[in-house]
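The values are calculated or read from the model by the stated rules, or taken from the named source; none is laboratory data. Just so you know, these numbers come straight off a predicted model, no measurement behind them. For neighbour counting, all protein chains shown are included, and Cβ atoms are generated from backbone atoms with ideal geometry for every residue, glycine included.
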Amino acid sequence: MAALKETVDTVESIDVDAYKYGFSTDIESDKAPKGLSEDIVRFISAKKDEPQWLTDWRLSAYRRWLTMTEPNWARVEHPRIDYQDLYYYSAPKSTPGPTSLEDVDPELLRTYEKLGIPLREQEILAGVEVRRVAVDAVFDSVSVATTFKEELARAGVIFCPISEAVREHPELVRKYLGSVVPVSDNFFATLNSAVFSDGSFVYVPPGVRCPMELSTYFRINEKNTGQFERTLIIADAGSYVSYLEGCTAPKRDENQLHAAVVELVALDDAEIKYSTVQNWYPGDSEGRGGIYNFVTKRGDCRGRNSHISWTQVETGSAITWKYPSCILRGDNSQGEFYSIAVSNGRQQVDSGTKMIHLGKNTKSRIISKGISAGRSQNTYRGLVSAHRKAEGARNFTNCDSLLIGNRCGAHTVPYIESKNPSAQFEHEATTSKISQDQLFYAMQRGLSAEEATALIVNGFVRDVLQQLPMEFAVEAQKLISISLEGSVG
Amino acid sequence: MSDTATSATADLKTAFDAMKDAGARPLRQSAWDAFSREGLPNRRVEAWHYTDLRAALCAVAPLRAAGPATPALARERESCRFVVLDGAFRPDLSDVSALPYGVSVLSLREALACGEAEILAALAGDAEDPTLALNAALMQDGAVLRVSPGCVLERPLEFANFISGGAARSVFTRSLVILGAGARATLLESFTPLERSGSQENHALVMVLGDGAKLDHVATIAPQSEDAVRVVSLLATLGENSALNSFCLVEGGGLLRRQIFATLSGVNADVSFNGASLLRGRDHADTTLVIRHESPGGKSREFFRHIVDESATGVFQGKVSVAPLAQKTDGAMQSKSLLLSDGASMNNKPELEIFADDVVCGHGATCGRLDADQLFYLEARGVPKPRAEALLIEGFANEALERVKDEATRDALAARVAAWLRMREAL
């Protein structure tokens with residue numbers, strides 16, 4: 001048991017406080033007073049110069065939200081959130097919107113630089129000549145810079161902050177906003193509908209293959225600012241888009257609430273690939289001050305042969321409550337969910353997916369890898385359901401959990417519901433620790449215990465890493481080893 | 001219990017108040033308090049997500065009084081049988097005069113009256129389930145069996161629960177079997193209506209296995225009428241090096257919830273829970289397991305097969321929970337289901353809850369219809385379709401039946417499966 005003891009000792013000494021991205025930037029911000037009321041909702045709407053229909057939409061969400069209660073079924077524990085003690089709007093000072101990168105506050109650019117965001121073209125191209133990434137950067141709540149707009153415009157792709165889309169493409173926003181995640185969907189989504197600040201909007205016209213990977217970096221910055229991003233991606237018939245989302249957040253004392261909503265709509269023969277690397281501040285070694293992440297992500301395979309794929313690498317946040325889902329409405333549509341969730345310290349992860357089969361011959365695939373270390377709790381919670389008309393639905397689910405240390409927990413809660421005899425569902429789950437044999441084998445060949453563990457963990461999550469776009473895969477691999485630093489003996 | 005107060009709970013309260021002279025009042029009272037905190041479970045209670053008991057039990061039938069004096073009771077096989085008829089233990093119908101050496105039996109009423117600490121503690125067994133608490137509050141009677149340490153019983157013991165027909169009645173039974181250290185026994189358990197009726201039954205069987213004890217348990221739940229509501233619970237506590245192998249054949253009938261709560265409290269305990277359910281019509285059968293590994297070295301195996309036809313609904317929920325202390329736990333669970341018709345539904349929820357790191361745990365669940373290739377193979381060889389289907393279904397069910405060690409018992413179970421299939425084929 002010597003090795004075990006050693007692992008336990010090392011876990012105890014994890015220095016979660018040494019969060020690599022725990023810094024904050026001093027930029028004056030323009031914010032609404034604390035608390036939430038109809039006036040605040042109107043204030044946010046007015047700040048963004050929104051049309052009346054959107055203001056009304058927000059207000060109806062707010063009124064609905066007042067009647068709802070916070071869900072408590074997830075395996076996460078946290079002090080009660082005082083929704084009146086949060087700021088619901090904050091925008092960097094230079095709100096009128098910079099026209100080019102030169103106009104952007106240099107402080108802001110330096111922050112991005114520290115985060116390694118490839119905002120400038122040369123940075124993006126460094127090393128990766130052939131692939132290009134467009135960034136719609138979100139600093140706190142308002143998008144401040146968008147690159148590659150021209151090239152995207154040539155292809156007919158609309159990629160802009162959602163606030164801009166409301167102004168320039170109201171017909172699209174009005175048609176699709178809230179059509180996947182309805183206003184009254186759940187407590188956090190409803191809250192988001194009422195107060196969403198900004199986010200990305202993507203529209204890919206029929207038959208267009210988006211010429212580059214689209215990407216948004218989120219960053220929580222102002223103290224006590226709840227972040228309520230709203231992302232809407234529409235892939236019209238026969239189109240393809242790959243979207244990357246990544247985030248890091250500065251260290252804060254008080255818990256920060258994040259309740260984003262992401263809606264994807266895939267029409268006939270369209271494909272959307274949505275990848276996330278999430279590395280928000282997880283709190284200190286006692287779990288204080290980490291981000292609360294309550295996200296509603298849902299994709300609607302509305303058309304025939306449509307395809308939505310979610311890939312996520314979750315390493316941050318004190319609490320992760322997130323279930324990227326697919327509604328497989330169109331016949332022959334496909335949904336995929338690939339996830340790596342790493343938890344360490346006092347982190348609590350309750351994440352998974354929902355695959356709702358409605359159309360004929362719909363297929364879904366779920367690969368979930370959970371790694372828990374330290375004193376964290378890591379839960380996979382997923383639903384696979386086939387409705388009466390989901391003739392020939394097919395699902396394969398594989399959830400594996402790896403435990404590092406004996407003070408963490410790994411849980412699996414799948415719900416598999418079938419109402420159609422021709423639906424074929426398979427689910428398998430395993431939980432184990434890193435085998436001593438594997439460790440011994442690797443160490444015998446000259447690797448240190450930590451290297452050996454990293455190697456095995458990397459092998460464990462390989463199926464999912466392969467699904468990530470190349471730029472992200474490298475970053476994700478680094479993140480996983482950083483997250484587990486010190487947790488293995 | 002503000003929002004949970006329904007007319008059903010009010011009826012149950014009346015029944016509870018009427019039982020004030022039934023003995024073991026403190027035990028009943030605390031169980032009642034536990035029940036009334038939650039009320040009848042409904043869809044919003046996570047453990048009852050797929051089985052809405054509150055909706056099914058909108059009116060509570062009155063408690064059943066004494067059953068018929070000399071009923072004709074079928075006997076499937078040679079055993080030392082203890083009969084509980086309409087909720088009352090019937091020594092006159094049981095094999096009490098020829099008890100095997102080392103076995104003692106009491107009725108639940110007697111056991112509660114004499115108040116022996118060991119028995120009372122075992123009977124109070126609770127698993128945070130409102131229906132189990134309700135059972136403890138309202139338990140009418142049952143059999144309390146003790147097998148002395150070291151006794152090895154050749155002849156199987158049998159708890160036979162019979163319900164006579166007639167107007168809808170409620171029945172609450174609780175039986176107990178305590179196996180002393182190193183004892184070995186086979187226990188058969190059956191739930192059989194003499195005549196189908198919309199009865200409301202809540203049965204609990206508590207098992208306590210001493211260190212090194214071994215028990216083989218086979219239960220059969222016979223069909224009941226469509227408006228019946230039945231909850232059949234099994235509570236098992238296992239000591240060091242003890243082993244329990246349990247099988248249950250469910251033949252549906254109305255709403256049925258079979259629940260198993262097993263606690264592996266001694267080191268190296270070994271449990272195996274297996275079962276097959278055959279559902280048709282508008283049957284709703286729920287099998288729920290909660291296996292708690294509390295000591296190191298435990299092993300658990302669960303293996304279930306569900307066959308769901310017509311408009312029936314099958315539910316399987318299996319939770320394996322491993323405490324931080326329970327290192328070296330080995331757990332595997334498998335639930336496979338076969339949907340035979342367009343109206344059939346199956347809900348699977350296998351669950352792992354793991355707090356120890358040196359464990360190997362896994363589960364698998366599948367759901368689908370008969371394999372078209374296999375059907376084609378048989379049909380191509382001249383087997384008519386209904387017969388080919390029956391063959392494949394039988395093979396599917398037999399995968400679970402194989403887990404029953406005793407050959408005679410296995411054959412009897414196979415015969416019941418075959419009878420069920422013949423009925424299906426005839427339609």
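Pick out the one residue from A:Arg120, A:Arg154, A:Arg167 that is modelled with pLDDT under 80 and basic (Lys, Arg). It would help to see each step written out before you state the result.
Numbers: A:Arg154 fails: modelled with pLDDT under 80; A:Arg167 fails: modelled with pLDDT under 80.
Just one listed residue meets the conditions, A:Arg120.
Kindly check whether there is at least one residue in the stretch A:437-454 that is closer than 19 Å to A:Ser481 by Cβ, out of contact with any Leu (no Cβ under 8 Å at 6 or more places or on another chain), within 13 Å of another protein chain (Cβ to nearest Cβ) and not hydrophobic (A, V, I, L, M, F, W, C).
There is no residue in the stretch A:437-454 that is closer than 19 Å to A:Ser481 by Cβ, out of contact with any Leu (no Cβ under 8 Å at 6 or more places or on another chain), within 13 Å of another protein chain (Cβ to nearest Cβ) and not hydrophobic (A, V, I, L, M, F, W, C).
Condition first: buried (at least 23 other Cβ atoms within 10 Å of the Cβ) and either of a type in the set (Ser, Thr, Tyr) or in a helix (DSSP H, G or I) (or both). Now tell me which residues in the stretch A:176-215 satisfy that.
Result: A:Phe188, A:Ala189, A:Thr190, A:Leu191, A:Asn192, A:Ser193, A:Ala194, A:Val195, A:Ser197, A:Ser200, A:Tyr203, A:Ser215.
Which residue is nearest to the other protein chains (Cβ to nearest Cβ), if the candidates are limited to the stretch B:310-352 and must be among the hydroxyl-bearing types (Ser, Thr, Tyr) and in a loop (DSSP other than H, G, I, E, B)?
Filtering the stretch B:310-352 for residues among the hydroxyl-bearing types (Ser, Thr, Tyr) gives B:311, B:313, B:321, B:329, B:335, B:337, B:341, B:345.
With the extra rule that they be in a loop (DSSP other than H, G, I, E, B), the set shrinks to B:311, B:329, B:341.
Numbers: B:Ser311: 11, B:Thr329: 10, B:Ser341: 6 Å.
Restricting to residues being among the hydroxyl-bearing types (Ser, Thr, Tyr) and in a loop (DSSP other than H, G, I, E, B), the top hit is B:Ser341.
How do the strands (runs of 3 or more DSSP E) wholly within the stretch A:358-430 filter down when requiring 1 or more residues that are surrounded by fewer than 23 Cβ atoms within 10 Å (Cβ to Cβ) and facing chain B (nearest Cβ under 7 Å): which remain?
So the answer is A:409-418.
Scan the stretch A:158-175 for residues that are assigned to a strand (DSSP E or B) and either of a type in the set (A, V, I, L, M, F, W, C) or in contact with a helix residue (DSSP H, G or I) (Cβ under 8 Å, 6 or more places away or on another chain) (or both) and jot them down. First the steps, then the outcome.
Taking the stretch A:158-175 as the starting set, the residues that turn out to be assigned to a strand (DSSP E or B) are A:158-161.
Matches in the stretch A:158-175: A:Ile158, A:Phe159, A:Cys160.
So which of B:Arg28, B:Arg44 is over 21 Å from the mean Cα position of the chain (by Cα), assigned by TED's automatic domain parsing to the domain that holds B:Ala127 and surrounded by 14 or more Cβ atoms within 10 Å (Cβ to Cβ)?
Numbers: B:Arg44 fails: surrounded by 14 or more Cβ atoms within 10 Å (Cβ to Cβ).
Sole residue among the options that is over 21 Å from the mean Cα position of the chain (by Cα), assigned by TED's automatic domain parsing to the domain that holds B:Ala127 and surrounded by 14 or more Cβ atoms within 10 Å (Cβ to Cβ): B:Arg28.
What number of residues in the stretch A:322-354 are part of a strand (DSSP E or B) and of a type in the set (Asp, Glu)? Before you say what the answer is, go through the steps one by one.
Let us first name the residues in the stretch A:322-354 that are part of a strand (DSSP E or B), namely A:322, A:325-328, A:334-343, A:348-351, A:354.
From what is left, the residues that are of a type in the set (Asp, Glu) are A:336, A:350.
Residues flagged as part of a strand (DSSP E or B) and of a type in the set (Asp, Glu) within the stretch A:322-354 amount to 2.
Scan the stretch B:155-206 for residues that are in contact with a Gly (Cβ under 8 Å, 6 or more places away or on another chain), surrounded by fewer than 23 Cβ atoms within 10 Å (Cβ to Cβ) and part of a loop (DSSP other than H, G, I, E, B) and jot them down.
Once the filter is applied, which keeps residues that are in contact with a Gly (Cβ under 8 Å, 6 or more places away or on another chain), surrounded by fewer than 23 Cβ atoms within 10 Å (Cβ to Cβ) and part of a loop (DSSP other than H, G, I, E, B), the stretch B:155-206 yields B:Ser164, B:Ala168, B:Gly180, B:Ala181, B:Gly182, B:Leu194, B:Glu195, B:Arg196, B:Ser197, B:Gly198.
If you go through the stretch B:6-44, how many residues are of a type outside the set (S, T, N, Q) and out of contact with any Lys or Arg (no Cβ under 9 Å at 6 or more places or on another chain)?
Of the residues in the stretch B:6-44, the ones of a type outside the set (S, T, N, Q) are B:8, B:10-13, B:15-28, B:31-35, B:37-41, B:43-44.
Imposing the further condition that a residue be out of contact with any Lys or Arg (no Cβ under 9 Å at 6 or more places or on another chain) reduces the set to B:10-13, B:15, B:17-18, B:21, B:24-27, B:31, B:33-35, B:37-38, B:44.
Within the stretch B:6-44, residues that are of a type outside the set (S, T, N, Q) and out of contact with any Lys or Arg (no Cβ under 9 Å at 6 or more places or on another chain) number 19.
What do you reckon, is A:Ile340 in contact with a Lys or Arg (Cβ under 9 Å, 6 or more places away or on another chain) and among the hydrophobic types (A, V, I, L, M, F, W, C)?
For A:Ile340, the condition - in contact with a Lys or Arg (Cβ under 9 Å, 6 or more places away or on another chain) and among the hydrophobic types (A, V, I, L, M, F, W, C) - is met.
Residue under question is B:Ser97, and the condition is that it be crowded, with 17+ Cβ neighbours inside 10 Å and of a type outside the set (D, E, K, R); does it hold? Give the steps one after another, and end with the answer.
Numbers: crowded, with 17+ Cβ neighbours inside 10 Å: no; of a type outside the set (D, E, K, R): yes.
The answer is no for B:Ser97.
Taking the stretch B:286-308 only, how many residues are in a loop (DSSP other than H, G, I, E, B) and crowded, with 23+ Cβ neighbours inside 10 Å? Before you say what the answer is, go through the steps one by one.
Initial filter on the stretch B:286-308 (in a loop (DSSP other than H, G, I, E, B)): B:294-298.
Still in the list and also crowded, with 23+ Cβ neighbours inside 10 Å: B:298.
Adding up the residues that qualify gives 1.
Looking at (1) crowded, with 20+ Cβ neighbours inside 10 Å; (2) in a loop (DSSP other than H, G, I, E, B); (3) among the aliphatic types (A, V, I, L, M); (4) more than 7 Å from chain A (Cβ to nearest Cβ), which is the one condition that is false for B:Ala356?
(4) is the only condition that B:Ala356 fails.
Are there any pairs with C-beta distances below 7 angstrom linking a residue in the stretch B:290-308 that is within 22 Å of B:Arg257 (Cβ to Cβ) to a residue that is among the aromatic types (Phe, Trp, Tyr), with the two at least 6 apart or on different chains, and if so which?
So the pair list comes out as B:Val290/B:Phe261; B:Glu302/B:Phe273; B:Phe304/B:Phe316; B:Arg305/B:Phe396; B:His306/B:Phe316; B:Ile307/B:Phe396.
If a residue must be surrounded by 15 or more Cβ atoms within 10 Å (Cβ to Cβ), away from chain A (no Cβ under 13 Å) and within 20 Å of B:Cys248 (Cβ to Cβ), how many such residues does the stretch B:365-398 contain?
Residues in the stretch B:365-398 being surrounded by 15 or more Cβ atoms within 10 Å (Cβ to Cβ), away from chain A (no Cβ under 13 Å) and within 20 Å of B:Cys248 (Cβ to Cβ): 4 in total.
Can you tell me which residue is surrounded by the most Cβ atoms within 10 Å (Cβ to Cβ) among those in the stretch A:455-475 that are of a type in the set (A, V, I, L, M) and within 11 Å of A:Thr311 (Cα to Cα)? Talk me through it step by step, then tell me what you get.
If we filter the stretch A:455-475 for residues that are of a type in the set (A, V, I, L, M), which is where we start, we get A:455-457, A:461, A:464-465, A:468, A:470, A:473-474.
Now narrow it down to the ones that are within 11 Å of A:Thr311 (Cα to Cα): A:464-465, A:468, A:473.
Numbers: A:Val464: 21, A:Leu465: 20, A:Leu468: 23, A:Ala473: 18.
That would be A:Leu468.
Six or more apart or on different chains, Cβ atoms under 6 Å: show the pairs whose first residue is in the stretch A:227-241 and under 23 Å from A:Asp198 (Cβ atoms) and whose second is of a type in the set (S, T, N, Q) and in a loop (DSSP other than H, G, I, E, B).
Hits for this filter: A:Phe228/A:Ser197.
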